[in-house]
Amino acid sequence: MTQNRSPWIQQLNRTRPVVPVTRDLDTDVVIVGGGIAGITTAFFTLRNTDASVVLVEADKVAHGATGHNAGQVTTYFERPLSELVQEFGLDLAVDAQRAVESGWGLLDQIITEARLTTPLYRFTGYAGLSTYEQVLQHLQDNAYRTQGGMPAETMLVAEEWREQAALPTEHRALYATAPQSEILSKLETDNTDYIALLAYQKGCTNSALFSEELLAYLVATYPGRFSLYEGSPVRTVALAASAAELKVHEHTLRAAHVVLCTNGFENFSITNEGGVEIDTSFHHMVTGRVGYMSGYLEADHHAPIAVSYFSKHHAPSNDPTGESYYYLTRRPHDPGDGKAYNLLCTGGPDRLLPEGTPYSRHDTCSEEMREAIDTFLRANYHQHPQGNVSYDYCWHGLMGYTPNGIRRIGPEPCNPVLLYNLGCNGVGILPSVYGGERIARWLRGETPPPSIFDPEDQRAQ
């Protein structure tokens, strides 16, 4: 059996001891969750307010989804923009897309101010399309981008593709044509099923290493205002009209605000003395999906890439929590043996975590999922060795999907003492960073403009 072995966790080399909560504490803000969402929320809260912050993590910082993801940095929702326009209207949908894309600038700000050294590779990434329906969908999304004042994403369609003539004439300005060989070259595939591509900014990074390094900066920069406690699972959250109490071990944490930056599967209860019940609605806010990934080392040093592949067999799901496709990233990697390699990571297979079923990152990897990834690579990645490949890493991680596939960022409608920055929805790094900055605005006393990220509860209207 293959152990759940993440390359991101391997690179941490952490020496910091786990320090749990050992006494009662009073603070302005308690952040629950020590992944990239919690740590970037702490960064912007400390930077943009005068609040004191306590960050509590049930296990170890960055050892959850942040250390068990694919490391891809991208700005897309796992729902078409046209669907978001239908649900929320053009202005709110495009504003949300613009907000997520602003995460690039926020990420640069963090790296510059905290002088982080964790590599962030940025480049033009690609999505390969193989059917008329996929091409039409992305053209419609591009049309909404331009209507909303955003630049269209670059689309190339193969000159040889016969169905090109059937594309709506009003979309002709939203794509260019190129030889299919050029499209396949950019997608790094020999699979002639792919007849079009999208090109836009992507990146890759070790979000666990990023989080650990940023955490060290916060500890050093805000010694009087910031405290971290690991090995400190929250048992209860009790909300009053203007404050909250959290039980951690046998101790009480009192704060003016609580920010949940979690997967949403924690075994704690929420009571709300300041309004209607929150506990049930919170614990149904997200659905769990276990994503499976694997990686191997390449001796060749090709440039970093990130590519998503939508095959002919891919059918968009009616489930708004996401859609199934394969993706890969490639970047330089040092496994610690003094040699330099590229790490080729691939993901895509996942499974729904039935409600009430516990997830453990200590579970072994699925050989079925690893074999599915290998089969995909053999058919789609032209650099893949066709012999027997030894996968150096195989890992899985728990992703939280909200019912409509949109991240929850903002105060709980039934009691604004509680705030959320949660809901990975499959692509969590940039939305987490944007969410951290937006939460800091609320905590500073601002009321940001309405957004599709705002938590809603009709009982609180």
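The values are calculated or read from the model by the stated rules, or taken from the named source; none is laboratory data. Just so we're clear, the structure is a prediction, and the values are computed from it rather than from any experiment. For neighbour counting, all protein chains shown are included, and Cβ atoms are generated from backbone atoms with ideal geometry for every residue, glycine included.
All but one of (1) under 24 Å from Gly35 (Cα atoms); (2) part of a loop (DSSP other than H, G, I, E, B); (3) not aromatic (Phe, Trp, Tyr) hold for Gly397; state the number of the condition that does not hold.
(2)
Inspect region 356-368 for any residue being among the β-branched types (Val, Ile, Thr) and in the same structural domain as His63 (by TED's automatic domain parsing) and give the result as yes or no. Spell out how you get there, then give the answer.
First pass over region 356-368, keeping only residues among the β-branched types (Val, Ile, Thr): 357, 364.
Subsequent filtering for residues that are in the same structural domain as His63 (by TED's automatic domain parsing) retains none.
Checking region 356-368: not a single residue is among the β-branched types (Val, Ile, Thr) and in the same structural domain as His63 (by TED's automatic domain parsing).
Which members of region 344-391 meet the condition of being assigned to a loop (DSSP other than H, G, I, E, B), within 16 Å of Pro7 (Cα to Cα) and either at pLDDT 90 or above or of a type in the set (Ser, Thr, Tyr) (or both)? It would help to see each step written out before you state the result.
Taking region 344-391 first, the residues assigned to a loop (DSSP other than H, G, I, E, B) are 354-366, 381-391.
From what's left, within 16 Å of Pro7 (Cα to Cα): 361-362, 364-365, 390-391.
Matches in region 344-391: Thr364, Ser390, Tyr391.
For region 96-132, which residues satisfy the criterion of being free of Cβ contacts under 8 Å to residues at least 12 places away in the same chain and more than 17 Å from Gly435 (Cα to Cα)?
Restricting attention to region 96-132, the residues satisfying the condition of being free of Cβ contacts under 8 Å to residues at least 12 places away in the same chain are 105, 108-109, 111-112.
If the condition is that a residue be free of Cβ contacts under 8 Å to residues at least 12 places away in the same chain and more than 17 Å from Gly435 (Cα to Cα), then Thr112 is the only one that fits.
Which one of these is in the same structural domain as Phe265 (by TED's automatic domain parsing) and modelled with pLDDT of 95 or more: Asp95, Asp91, Asp50? Walk me through how you get there before you give the answer.
On the way: Asp95 fails: in the same structural domain as Phe265 (by TED's automatic domain parsing); Asp91 fails: in the same structural domain as Phe265 (by TED's automatic domain parsing).
Selected residue: Asp50, the only one of Asp95, Asp91, Asp50 that is in the same structural domain as Phe265 (by TED's automatic domain parsing) and modelled with pLDDT of 95 or more.
Given Leu246, Leu328, which one is within 22 Å of Asp26 (Cβ to Cβ), in contact with a strand residue (DSSP E or B) (Cβ under 8 Å, 6 or more places away or on another chain) and either in contact (Cβ under 8 Å) with a residue 12 or more places away in the chain or in a strand (DSSP E or B) (or both)? Let's see the steps before the verdict.
Values: Leu328 fails: within 22 Å of Asp26 (Cβ to Cβ).
After applying the criteria, what remains is Leu246.
Any chance you could count how many residues in region 401-415 are of a type outside the set (D, E, K, R) and out of contact with any helix residue (DSSP H, G or I) (no Cβ under 8 Å at 6 or more places or on another chain)?
Taking region 401-415 and keeping what is of a type outside the set (D, E, K, R), we get 401-406, 409-411, 413-415.
Narrowing the set further to residues that are out of contact with any helix residue (DSSP H, G or I) (no Cβ under 8 Å at 6 or more places or on another chain) leaves 401-403, 405, 415.
Final tally of qualifying residues: 5.
Which residues, taken from region 415-461, are of a type outside the set (D, E, K, R), in a loop (DSSP other than H, G, I, E, B) and either over 21 Å from the mean Cα position of the chain (by Cα) or not assigned by TED's automatic domain parsing to the domain that holds Thr45 (or both)? Before the answer, list the steps.
First, the residues of region 415-461 that are of a type outside the set (D, E, K, R): 415-436, 439-440, 442-443, 445, 447-453, 455, 458, 460-461.
Retained after the next criterion (residues that are in a loop (DSSP other than H, G, I, E, B)): 423-428, 445, 447-453, 455, 461.
Hits for region 415-461 are Gly445, Thr447, Pro448, Pro449, Pro450, Gln461.
How many residues are surrounded by fewer than 18 Cβ atoms within 10 Å (Cβ to Cβ) and of a type in the set (Val, Ile, Thr) when one looks only at region 231-252?
Result for region 231-252: 2.
Here's the yes/no breakdown for (1) surrounded by 22 or more Cβ atoms within 10 Å (Cβ to Cβ); (2) in contact (Cβ under 8 Å) with a residue 12 or more places away in the chain; (3) more than 29 Å from Tyr292 (Cβ to Cβ); (4) among the aliphatic types (A, V, I, L, M):
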| site | (1), (2), (3), (4) |
| --- | --- |
| Trp8 | yes, yes, no, no |
| Pro17 | no, no, yes, no |
| Ala62 | yes, yes, no, yes |
| Thr66 | yes, yes, no, no |
| Ala70 | yes, yes, no, yes |
| Thr75 | yes, yes, no, no |
| Glu87 | no, yes, yes, no |
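Would you please name the residue that is surrounded by the fewest Cβ atoms within 10 Å (Cβ to Cβ), looking only at residues in region 392-436 that are at pLDDT below 95 and hydroxyl-bearing (Ser, Thr, Tyr)?
Thr402
For region 271-317, give me the residue count where each residue is under 30 Å from Ser242 (Cα atoms) and more than 22 Å from the chain's Cα centre (by Cα).
Going through region 271-317 one residue at a time, the tally reaches 11.
Touching a residue at least 24 places away in the same chain (Cβ under 8 Å) and farther than 30 Å from Glu159 by Cα: is that true of Ile278 in this structure?
Details: touching a residue at least 24 places away in the same chain (Cβ under 8 Å): yes; farther than 30 Å from Glu159 by Cα: yes.
Yes, satisfied.
Might you check whether a residue that is in contact (Cβ under 8 Å) with a residue 40 or more places away in the chain, in the same structural domain as Thr41 (by TED's automatic domain parsing), outside any loop (DSSP other than H, G, I, E, B) and under 25 Å from Thr118 (Cβ atoms) occurs anywhere in region 402-414?
Yes, some residue in region 402-414 is in contact (Cβ under 8 Å) with a residue 40 or more places away in the chain, in the same structural domain as Thr41 (by TED's automatic domain parsing), outside any loop (DSSP other than H, G, I, E, B) and under 25 Å from Thr118 (Cβ atoms).
Could you list, in sequence order, all residues of region 331-371 that are surrounded by fewer than 20 Cβ atoms within 10 Å (Cβ to Cβ), in contact (Cβ under 8 Å) with a residue 40 or more places away in the chain and of a type in the set (A, V, I, L, M)?
Within region 331-371, Leu352, Leu353 qualify.
Among the residues of region 350-406, write down those that are more than 19 Å from the chain's Cα centre (by Cα) and among the aromatic types (Phe, Trp, Tyr).
Residues satisfying the conditions are Phe376, Tyr381, Tyr391, Tyr393.
Among the residues of region 253-260, are any of a type in the set (D, E, K, R), surrounded by 20 or more Cβ atoms within 10 Å (Cβ to Cβ) and either under 25 Å from the mean Cα position of the chain (by Cα) or outside the structural domain of Leu352 (by TED's automatic domain parsing) (or both)?
So in region 253-260, the residues of a type in the set (D, E, K, R) come out as 254.
Still in the list and also surrounded by 20 or more Cβ atoms within 10 Å (Cβ to Cβ): none.
For region 253-260, residues of a type in the set (D, E, K, R), surrounded by 20 or more Cβ atoms within 10 Å (Cβ to Cβ) and either under 25 Å from the mean Cα position of the chain (by Cα) or outside the structural domain of Leu352 (by TED's automatic domain parsing) (or both): absent.
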